[in-house]
Amino acid sequence: MIKKLTILTMIVAVVAMTGMADNRNNKNKNKRRSPKIVYVEDEPKKEYVEQLTFSSLDQLYGEWDVVEVKGEKVDLPRGSRAYLFFDTKMRDDHAVNLYGNTGANSLNASFYINGSKINFGNLVTTRKMGGYLERDVERAMLDVLKKEKSIVLEMEGESEYMLLKERKNVVMKLRKQDLDFMNGSWKVMKINDKDVEKCGIMLVNDIDMKKVNIFSGENIVNGVIYIDPSVDHGIEFEDLISTRNQWKYIDTETRLLIALEETQYCRKDKYNDREVVLCTKEMKPLGKEEEKVLVVLERL
């Protein structure tokens with residue numbers, strides 16, 4: 001009887017151990033089959049780039065900042081600027097006028113268009129020395145302009161770009177610096193999201209002369225406009241000098257001057273074609289930059 005119980009006990013134990021082993025195997029299988037969760041940061045969205053059809057010289061008219069030459073970003077000291085002005089409205093039957101600056105010297109030339117090809121001729125510059133950075137940019141620009149290039153126009157975001165290419169390689173990238181929409185008289189509507197329309201402060205921009213004038217109830221403020229070629233629609237207001245008369249909205253006037261000095265760029269309002277906004281970039285946690293609207297202007 002004892003032997004029978006012992007054998008029965010051993011059988012039960014073996015079955016139990018087998019069941020435990022099966023459970024462990026099942027758990028391991030389930031564990032292996034469990035999906036692995038990986039958290040990945042969102043990749044920055046690539047802005048849509050639209051290739052424009054080059055159909056007429058009028059598309060080239062205007063001032064273009066040189067932002068890249070031979071794959072190198074143009075980063076000049078403040079006050080130096082490399083740009084080309086394609087004066088397609090003043091032309092003869094053969095050549096079109098080109099003006100500009102290399103960052104160190106003024107530049108004059110003519111250019112010819114043949115289909116999608118562009119040729120530069122009669123290239124003349126002044127002879128100022130400039131610093132090392134300016135001379136490096138000048139050498140690269142002149143080297144590019146001496147050879148025939150294919151030309152492509154692209155629209156990226158709100159900015160239009162001109163690409164000069166040798167075969168498939170982009171050798172010069174230019175951005176159209178079109179701030180004409182900022183010209184004229186504007187009423188100051190908001191400063192840092194606060195409605196100030198009742199103050200009746202007016203701002204007048206002259207983009208060609210790089211001047212700004214502000215007319216308030218008691219004061220006149222004169223200043224200088226600086227166009228930053230490294231930023232889309234980059235604009236800064238400097239050397240703001242006021243007559244400093246006291247009046248009931250003097251605090252609002254002071255806040256406006258501070259906001260203008262903080263401005264880095266401008267853009268058209270998305271919802272009102274009569275308004276423009278002056279903005280800066282504000283650093284947020286985790287190193288992210290967000291737009292901060294400083295001033296809202298409405299065209300008079």
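The values are calculated or read from the model by the stated rules, or taken from the named source; none is laboratory data. Model, not experiment: these values are computed from the prediction. Here Cβ is always computed from backbone atoms with ideal geometry, including for glycine, and neighbour counts include all displayed protein chains. Keep in mind that these areas ignore ligands, DNA and RNA; they rest on the heavy atoms of the full protein, side chains included. Shrake-Rupley method; radii C 1.70, N 1.55, O 1.52, S 1.80 Å.
Among the residues of region 211-226, the ones that are under 28 Å from the mean Cα position of the chain (by Cα) and either surrounded by fewer than 14 Cβ atoms within 10 Å (Cβ to Cβ) or acidic (Asp, Glu) (or both) come to 2 in all. Scan region 128-148 and tell me whether some residue there is modelled with pLDDT under 90, part of a strand (DSSP E or B), open to solvent by less than 40 Å² (accessible area, probe 1.4 Å) and farther than 28 Å from Thr280 by Cα. The answer is no; no qualifying residue exists. Picking from residues in region 142-173 that are over 22 Å from the mean Cα position of the chain (by Cα) and among the polar types (S, T, N, Q), the one that is farthest from Val69 (Cα to Cα) is Ser150. Considered as a group, the residues in region 149-196 that are farther than 30 Å from Phe215 by Cβ and touching a helix residue (DSSP H, G or I) at 6+ places or on another chain (Cβ under 7 Å) include one that is modelled with the lowest pLDDT, and that residue is Leu153. The set of residues from region 273-294 being of a type outside the set (Val, Ile, Thr) and either in contact (Cβ under 8 Å) with a residue 12 or more places away in the chain or in a strand (DSSP E or B) (or both) comprises Arg274, Glu275, Leu278, Cys279, Lys281, Glu282, Met283, Glu289, Glu290, Glu291, Lys292, Leu294.
Listed here are the residues, each with its yes/no results for (1) at pLDDT 90 or above; (2) open to solvent by 100 Å² or more (accessible area, probe 1.4 Å); (3) within 24 Å of Ile118 (Cβ to Cβ).
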{"residue": "Ser34", "(1), (2), (3)": "no, no, no"}
{"residue": "Ile37", "(1), (2), (3)": "no, yes, no"}
{"residue": "Leu52", "(1), (2), (3)": "no, no, yes"}
{"residue": "Gly62", "(1), (2), (3)": "no, no, yes"}
{"residue": "Val66", "(1), (2), (3)": "yes, no, yes"}
{"residue": "Glu72", "(1), (2), (3)": "yes, yes, yes"}
{"residue": "Gly79", "(1), (2), (3)": "no, no, no"}
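When region 227-253 is filtered for residues that are assigned to a strand (DSSP E or B) and crowded, with 16+ Cβ neighbours inside 10 Å, the ones remaining, listed by number, are Ile227, Asp228, Gly234, Ile235, Glu236, Phe237, Leu240, Ser242.
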